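Participant: Below is the structure I would like to discuss, written out as structure tokens.
Please treat every number below as a calculation from the coordinates, not as lab data. Keep in mind the model is a prediction, meaning the values are calculated, not measured. Using ideal geometry, Cβ is built from the backbone for each residue, glycine included, and neighbour counts are taken over all protein chains shown.
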Protein chains: 6
Amino acid sequence: MAVVSLLNDEEASAEALAVFNDIREARGTDYVNNFWRALAHDPAQLKSVWDRIQSVMAPGALDPLVKELIYVAVSTANGCGYCVHSHTASARAKGMTPDMHAELLAVVAMASQTNALATALGVPVDARFDPEQTKG
Amino acid sequence: MAVVSLLNDEEASAEALAVFNDIREARGTDYVNNFWRALAHDPAQLKSVWDRIQSVMAPGALDPLVKELIYVAVSTANGCGYCVHSHTASARAKGMTPDMHAELLAVVAMASQTNALATALGVPVDARFDPEQTKG
Amino acid sequence: MAVVSLLNDEEASAEALAVFNDIREARGTDYVNNFWRALAHDPAQLKSVWDRIQSVMAPGALDPLVKELIYVAVSTANGCGYCVHSHTASARAKGMTPDMHAELLAVVAMASQTNALATALGVPVDARFDPEQTKG
Amino acid sequence: MAVVSLLNDEEASAEALAVFNDIREARGTDYVNNFWRALAHDPAQLKSVWDRIQSVMAPGALDPLVKELIYVAVSTANGCGYCVHSHTASARAKGMTPDMHAELLAVVAMASQTNALATALGVPVDARFDPEQTKG
Amino acid sequence: MAVVSLLNDEEASAEALAVFNDIREARGTDYVNNFWRALAHDPAQLKSVWDRIQSVMAPGALDPLVKELIYVAVSTANGCGYCVHSHTASARAKGMTPDMHAELLAVVAMASQTNALATALGVPVDARFDPEQTKG
Amino acid sequence: MAVVSLLNDEEASAEALAVFNDIREARGTDYVNNFWRALAHDPAQLKSVWDRIQSVMAPGALDPLVKELIYVAVSTANGCGYCVHSHTASARAKGMTPDMHAELLAVVAMASQTNALATALGVPVDARFDPEQTKG
């Protein structure tokens, strides 16, 4: 159950509908997923998030699939079920194989475990991890 | 300040020292970082974590640098300062450039933001994200 | 699905029922929401939480609507879907408009993003943020 | 210790320095705090975050002080020590009194407690919290 | 809705089925819960997690019921609804009474509250909590 | 560095000093740790938290040491470094041995790992975990 209603095309404002149509064109599908329909109550935020995510997830020094894997990892650690679902689907669409998915989960599980251990042990950061030491 | 003392080589048990030496050999350095020295109070756990991390982070369907990026992302979302430092250092050692670091942070920031929005909006998972629908 | 059964009026102890009736009177409605019906398995905890929340959320240096906005923000960051729902409803009942809701979400999203960046960058606290410096 | 070096004015790129100068002008102080100096390694991200935070935190349906209180609340729940420090300082600069700070903390503590209880009890969302029920 | 399909006995690989049968034998029931059926897509991870959890949760310096209580506490703080359900059920099976459950929740709520307060106040760790001071 | 100054006995109000003295008497030591000195800016909150923690941590269906172990576990998952330190010290004072500490950490690490896996897999709660099924 959503906290706000999910706006369909008729209920969305003109500005929001324009973003829905951008999403459709960018993805080559008529389907607009629930996240955007909930966000459409604030058309300015909807447009801003959509524009930024297009830019952040574009190919660059990291390829788009790697970025999706990172997105799934963060969403898992933040406990966002919706985001885990939608970005796992995106990762699959960008070529994530079952083996890659299994390794992603293994790293997330490993990190979650050592994060807890380092916190429970209060481990102080080693001086050699200080980047100021390497400034000229 | 650590919650337990950091064991130096003289204070470590024989089993813990053997792991310290494995770490030195695997990394080609004499330095053993604080996490392992804190964990050495429980030599069985020390050995188990070290063995597993070697296996999980090894090349596979994902390459080791991608795995480090995922590790940094999870550590950030979990708020583990020590782990962010140590795995950012590992990622650099495995070839992460400043541009890659910048993109990693941009994805982590983006995901953190949409995770919060999806949770605050209570967005229900779209039926099409259900993998059961695609079982034969 | 709850971890414990939700107690109806007949199943609740006399002490729990007295709290249910206090809730009804304070809110001017016969409806007692699920949180209290689950908590009713421990009547002392039920009474203690209800009494404290009445006191904490009362008008003071901050007005009740501002307090509800803060409650929604914390619940989002902690990933508590139930609490996001119930306190967004409370905020609306206390006068939160759609514009206020949109701005609340924009701040929560912004903070989530910079929280992640500050953690990923390990930013040290500026000396000038130290209140001890301003003690006489 | 930061994960990246903190760039001073001489080390910053022209684009980053321009943002530093915007920050100085907007705040009427020569001081640029550490967050921005760390973020300056990615001048585009620096500019984007600064621009967005200016817009998000501006007066609107919610006043700037209320927005700072929400920012502190989210930063606390996300465990970002740096952000708690910097935004508590901002809130004070915008008029937060000790009484308001005390009430802010009381709400954050209260919410953290009931968030945990609702999660531990797995409380299902009440049907009446569904906004779809009120669509015409 | 799961992110991956839940594998039944026919769909599981021979290695995964062997773990399912170990689970059945260890627990004296034919029922294998959903967590393991989802994890079975990666039989090596399935086996590793099952083996480790058997070892970690076995009687030792702490008894198995205490370990389950700790498991529920961590799962609550991490916001894992599934884990709260499954480990609350395990704790009950190992003898957790309603009174013990109530006290567990009271401690989790108390800790969540003071965790938030200590973070919001940025309380520095007292020197006397340093174990290095007590090294000979 | 604290967000507020740590109040010494001279700076504390009469009401806060009375709580400091209760803490001294209850613990049989003259030392009052930093958490309480930071909280003393809000004497009513200070008294309320101290009173409640005394009651919650008292012997009951669970013994005080078990309660401290649960407190450390929650504090770890919530990433509160101060709380991990102070409650690990309390647990030691109440009899936690190094073996018990090692097992506590092993359970916390195990739970953190399976919490992440269950979230990343979106595992649906098994119907048999529903307590409503067992209501008469």
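Participant: Mean residue ellipticity at 222 nm from the helices of the protein assembly as shown, using -39,500 (n - 2.57) per DSSP H segment of n ≥ 4 over the full residue count, to the nearest 500 deg cm²/dmol?
Facilitator: Calculated from helices alone, the mean residue ellipticity at 222 nm is -20000 deg cm²/dmol.
Participant: For the pairs A:Lys67/E:Lys47; B:Lys67/D:Lys47; A:Lys94/B:Lys67; D:Lys67/D:Lys94; C:Lys47/F:Lys94; B:Lys47/F:Lys94, flag any whose C-alpha to C-alpha distance is greater than 22 Å.
Facilitator: Cα-Cα > 22 Å for A:Lys67/E:Lys47; B:Lys67/D:Lys47; C:Lys47/F:Lys94; B:Lys47/F:Lys94; rest within.
Participant: So which chymotrypsin sites (Phe, Trp or Tyr not before Pro) in the range D:1-72 end up in coil per DSSP with only 14 or fewer other C-beta atoms within 10 Å?
Facilitator: Here the chymotrypsin sites (Phe, Trp or Tyr not before Pro) that fit, given the DSSP loop and packing criteria, are D:Tyr31.
Participant: Can you give the average number of partner chain beta-carbon atoms within 10 Å of each beta-carbon in peptide C:37-50, as a whole number?
Facilitator: 4
Participant: Can you pull the percent of Cα pairs in the range D:61-121 with separation above 14 Å?
Facilitator: Here the tail beyond 14 Å accounts for 57 percent of pairs.
Participant: Taking the number of other C-beta atoms within 10 Å as the exposure measure, put E:Asp126, F:Asp30, F:Asp99 in order starting with the fewest.
Facilitator: F:Asp30, F:Asp99, E:Asp126
Participant: Using the alpha-carbon atoms, what tilt in degrees (0 to 90, nearest 10) does helix D:14-27 show relative to the longest principal axis of chain D?
Facilitator: It is inclined by approximately 60 degrees.
Participant: For chain D, report the translational diffusion coefficient in µm²/s to the nearest whole number, using Stokes-Einstein at 4 °C, 1.567 mPa s, and a Kirkwood Rh over Cα pairs.
Facilitator: Using the Kirkwood radius from Cα pairs, D works out to 73 µm²/s.
Participant: If you build a Gaussian network model of chain D, linking Cα atoms that sit under 10 Å apart, which residue out of D:Gly122, D:Gly60, D:Gly81 swings the most?
Facilitator: Its mean-square fluctuation being the largest, the pick is D:Gly122.
Participant: Next question. Tell me the angle of helix A:64-77 to the major Cα principal axis of chain A, expressed in degrees between 0 and 90 and rounded to the nearest ten.
Facilitator: Helix A:64-77 and the main axis of chain A meet at about 80 degrees.
Participant: Let a ≥ b ≥ c be the square roots of the eigenvalues of the Cα gyration tensor of the protein assembly as shown; is it rounded (a/c under 1.5), or, if not, prolate (a/b larger than b/c) or oblate?
Facilitator: rounded
Participant: Of F:Val66, F:Val56, F:Val125, which has the largest mean-square fluctuation in a 10 Å C-alpha GNM of chain F?
Facilitator: F:Val125
Participant: When Cβ neighbours within 10 Å are restricted to other protein chains, what is their mean count per residue of peptide D:52-59?
Facilitator: The per-residue average across the peptide is 4.
Participant: May I ask for the distance between the Cα centers of the range B:86-128 and the range C:63-136, given as a whole number of Å?
Facilitator: Cα centroid to Cα centroid, the span is 20 Å.
Participant: Classify the range B:9-56 from the C-alpha gyration tensor, please: rounded if a/c falls under 1.5, else prolate or oblate depending on whether a/b exceeds b/c.
Facilitator: Oblate, since a/c reaches 1.5 and b/c is not below a/b.
Participant: For peptide B:96-104, what's the mean number of Cβ atoms from other chains within 10 Å of each residue's Cβ?
Facilitator: For this peptide, the per-residue mean of nearby foreign Cβ atoms is 6.
Participant: Tell me, what is the FRET efficiency for F:Glu25 and A:Glu11 to the nearest 0.05, using R0 = 41 angstrom and their Cβ-Cβ distance as r?
Facilitator: Approximately 0.05, to the nearest 0.05.
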